[in-house]
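The values are calculated or read from the model by the stated rules, or taken from the named source; none is laboratory data. Model, not experiment: these values are computed from the prediction. Counting neighbours? That spans all protein chains shown, and the Cβs are built from the backbone with ideal geometry, glycine included.
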Amino acid sequence: MPVTKENIRQLQETMLNILIEFDSACRKMGLKYTLSGGTLLGAVRHGGFIPWDDDIDVAMLREDYEIFLHQGQKYLPDHLFIQHYETDPNYPHNFIKLIDTRTTLVEYVTSNVDMKKCVFIDIFPIDRIPRSRFLRFIDRQLLAFSYFTRKSLTLKYRQPGTPAVQRIMASLLYPLALIIGNQRLNRWETAVKIKYNNRSNYEYTYADNSILYARELEDSMIMPIHLFYELEEIDFEGHSFMAIKNRDLYLRKVYGDHYMELPPEEDRVFKHVFTEMKLTS
């Protein structure tokens, strides 16, 4: 069955259970993370999920992210799987999904990809960026090329409503993507992202790495990386999770000064297009 307004709560509860296990594993491993994106906004504004939110986002500093990627599986129950291009070769994203393999959740844009399709939470890495606007511009162009080339392997830019320019770009990049391959593109993209992490004088990051490729990304999205080392507990759906202490600055960066106000009714819509969902094993 597809995801609807009537069954979204069931999906959210399954995602919440994944988040609880993720939190438990991180605490056992001594790793830090923060709720991020709409999940952090939901925690602050609603005390839990935004009613129409259909995913969970967390973020980790790259050093903790890599430890979780390579060692976290043994701290998780058997039904949870760390999905990444290193563990699921055709997985097209440059971040981790922690998935519940007892479930099925098919997103339209990746329905043609031979990979595990399950209920998930998204885990994003936090990387240092240069102060130089020119260097940031160059890096964004490199990342955008890799991103659009990878995405040409999915249905993302072939779905109804996609602008013609993006459909044409996808069709042109598709042969190149087949030659280079998903894993090589992802490894190259990761190398671009991590190249400043060993430079302690590079003191900034993007408030939201999930929009790293967006044209509208501006200097206003930049914030000091040290703020992601300063965490505290926050309530989300009756459970305690880690979150950046300076949540107000983060949420203003990502959502604007009026983030506590509900959006218009017409904007309260799902972010993903899920075509099939099964929540039982």
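Values for this structure:
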item	result
Selected residue (only one of T34, T110 is over 22 Å from K278 (Cα atoms) and among the β-branched types (V, I, T))	T34
Index of the failed condition, M242 passing every other in (1) modelled with pLDDT of 90 or more; (2) assigned to a loop (DSSP other than H, G, I, E, B)	(2)
Subset of the stretch 107-123 (residues that are modelled with pLDDT under 95, crowded, with 17+ Cβ neighbours inside 10 Å and either part of a strand (DSSP E or B) or touching a strand residue (DSSP E or B) at 6+ places or on another chain (Cβ under 9 Å) (or both))	E107, Y108
Selection status of S171, hydroxyl-bearing (S, T, Y), farther than 26 Å from E66 by Cβ and either in contact with a Leu (Cβ under 9 Å, 6 or more places away or on another chain) or modelled with pLDDT of 80 or more (or both)	yes
Any hit, the stretch 11-23, residues being out of contact with any strand residue (DSSP E or B) (no Cβ under 9 Å at 6 or more places or on another chain) and at pLDDT 95 or above	yes
Given (1) at pLDDT below 95; (2) under 21 Å from S24 (Cβ atoms), index of the condition N90 fails	(2)
Test: residue in the stretch 131-138 that is exposed (fewer than 15 other Cβ atoms within 10 Å of the Cβ), farther than 28 Å from E63 by Cβ and more than 23 Å from the chain's Cα centre (by Cα)	no
Failed condition for P175, given (1) within 30 Å of F228 (Cβ to Cβ); (2) in a helix (DSSP H, G or I)	(1)
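Here's the yes/no breakdown for (1) farther than 24 Å from E63 by Cα; (2) touching a Ser or Thr at 6+ places or on another chain (Cβ under 8 Å):
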residue: I99; (1), (2): no, no
residue: V109; (1), (2): yes, yes
residue: N112; (1), (2): yes, yes
residue: V119; (1), (2): yes, yes
residue: I123; (1), (2): no, no
residue: I129; (1), (2): no, yes
residue: L143; (1), (2): no, no
